[in-house]
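The block underneath contains the structure these notes are about, expressed in structure tokens.
Here, each number is a calculation from the coordinates, and none is a lab measurement. Predicted model only: the values in this text are computed from it and were never measured. Here the Cβ positions follow ideal geometry from the backbone for every residue, glycine too, while neighbour counts run over all protein chains shown.
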Amino acid sequence: MTDRSTAFDAWWGWPPPVLDPAGPYAESVTVLAWVLFGMGVVVTAIVAAALYVALAGPARLKAKLGGEKMVWVMGIGFPAVVLTGLLIWGLTLTASLTDPVRGDEQRIRVTGHMWWWDVEYLDAQGRVVLRDANELHLPVGRPVVLELRSVDVIHSFWVPNLSGKEDMIPGRTNFLKVQADRAGRYGGICAEYCGGPHALMGFVVAAHNDADYRRLLAGGGFATPARIDPQAVPGRMPAIRRATAATASGAPDGQALFMANGCAACHRVAGTAANGLSGPDLTHLSRRLSLGAGILPNNRGTLQGWIADSQALKPGNRMPSYDMLSAREVAAIAAWLDTPR
Ligand code: CUA
């Protein structure tokens with residue numbers, strides 16, 4: 001049997017490669033990482049050589065190794081100089097990645113929730129022009145400043161291809177610059193244990209060329225995602241298969257069911273009475289690349305499965321399974337949510 005997630009994971013860049021920078025910020029982190037690794041190798045080699053000399057070397061070298069001069073030079077001077085240099089490098093790099101200074105960069109506010117990501121695109125005045133969830137859309141070749149927050153516990157925002165890693169801490173805003181120099185999809189993940197399904201708190205970053213990106217922000221219309229073939233995501237999804245098989249004709253009213261079953265208490269759908277804010281905004285759900293915060297490809301079948309039994313797909317997440325609904329009702333709600341807005 002194929003692993004549940006292989007095809008989808010490959011499609012959205014999971015697991016994200018840590019040493020494959022796709023932009024200048026990730027590049028600077030990668031260079032420092034290699035230098036740290038290289039220095040580690042050098043120091044290990046020096047210590048191993050000194051150990052060999054101390055155990056089995058000629059008496060003259062042994063005496064030198066134990067001399068006072070060696071303690072001052074290699075024991076104190078060398079580490080002090082090297083470690084101070086690396087510390088300054090690391091602090092300077094961190095400061096440059098987390099500098100909130102406002103230029104004309106696109107700003108995106110990302111708020112961590114247990115266990116998903118609220119995403120708001122801001123205009124130059126800081127007003128929200130578009131609200132979305134669990135994915136970020138970036139313009140290729142331009143820096144983007146992220147405002148990172150959390151509403152509950154500490155999460156950590158990490159897209160290894162595009163920048164460093166930054167904590168999202170309740171009660172404060174942290175900043176992180178990201179940039180993608182080639183169009184494509186990049187995997188992101190929560191890098192701080194935040195309880196329950198922490199390991200299933202992922203997101204997708206899509207980098208677009210300028211024209212596509214302007215269309216996204218102007219019309220609230222993402223470039224139509226290349227939706228993944230549901231057949232390509234095999235395996236343990238009984239809820240999805242059951243619901244998909246029962247996709248109904250003459251379906252009941254999805255919007256009415258959405259309201260009647262309390263979905264609007266947590267979810268917002270612009271232009272309707274659904275105005276809940278504790279769950280992901282579902283206005284643009286039809287254009288979303290993934291479901292469940294990066295764990296499933298978004299299509300009608302997976303959406304039905306998610307509504308019917310999200311607890312089977314992402315155990316412990318805050319949305320209850322709606323297994324009291326019939327397959328026809330689930331299909332109707334999914335069809336309504338899956339309508340482009
Ligand atoms: Cu959020 Cu781990």
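Within 10 Å of each residue's Cβ, count the other Cβ atoms and sort MET74, MET201 from fewest upward.
Least crowded to most crowded, the residues run MET74, MET201.
Give the separation of the Cα centroids, region 252-313 to region 48-122, in Å.
45
Can you find, among SER310, ALA45, ALA331, the residue sitting farthest towards the positive end of the charge dipole of the chain, where Lys and Arg contribute +1 and Asp and Glu -1 at Cβ?
The Cα lying farthest towards the positive end belongs to ALA45.
Can you give the Rg to Rh ratio for the chain, taking only C-alpha atoms and Rh from Kirkwood?
Computed over Cα atoms, the ratio is 1.12.
Read phi for every residue in region 16-21 and hand back ³J(HN,Hα) as whole Hz from Karplus 6.51 cos²θ - 1.76 cosθ + 1.60, θ = phi - 60°, with x for Gly and Pro.
x, x, 7, 10, 10, x
Expressed in nm to one decimal, what extension gain is obtained for the pair LYS165 and ILE88 from 0.36 nm per residue of sequence separation less their Cα-Cα distance?
25.9 nm
Counting helices only, and only those DSSP H runs with n ≥ 4, report the 222 nm mean residue ellipticity of the chain as the sum of -39,500 (n - 2.57) divided by its residues, in deg cm²/dmol to the nearest 500.
-11000 deg cm²/dmol
Do you know the relative contact order of the chain, to the nearest whole percent, from alpha carbon pairs under 8 angstrom that are 6+ apart?
Contact order relative to length: 18 percent.
Can you sort ARG107, ARG172, ARG328 from fewest to most other Cβ atoms within 10 Å of each residue's own Cβ?
Fewest-to-most Cβ neighbours within 10 Å comes out as ARG172, ARG328, ARG107.
Using r as the Cβ-Cβ distance of TYR52 and PHE175, and R0 as 35 Å, what FRET efficiency do you calculate, to the nearest 0.05?
Given R0 = 35 Å and the Cβ-Cβ separation, E is 0.15.
Compute the FRET efficiency between MET324 and LEU277 as 1/(1 + (r/R0)^6), taking r as their Cβ-Cβ distance and R0 = 22 Å, and round to the nearest 0.05.
So the FRET efficiency works out to roughly 0.35.
For a footprinting-style exposure proxy, rank TYR186, TYR322, TYR52 by other Cβ within 10 Å, fewest first.
With the sparsest Cβ surroundings first, the list reads TYR52, TYR322, TYR186.
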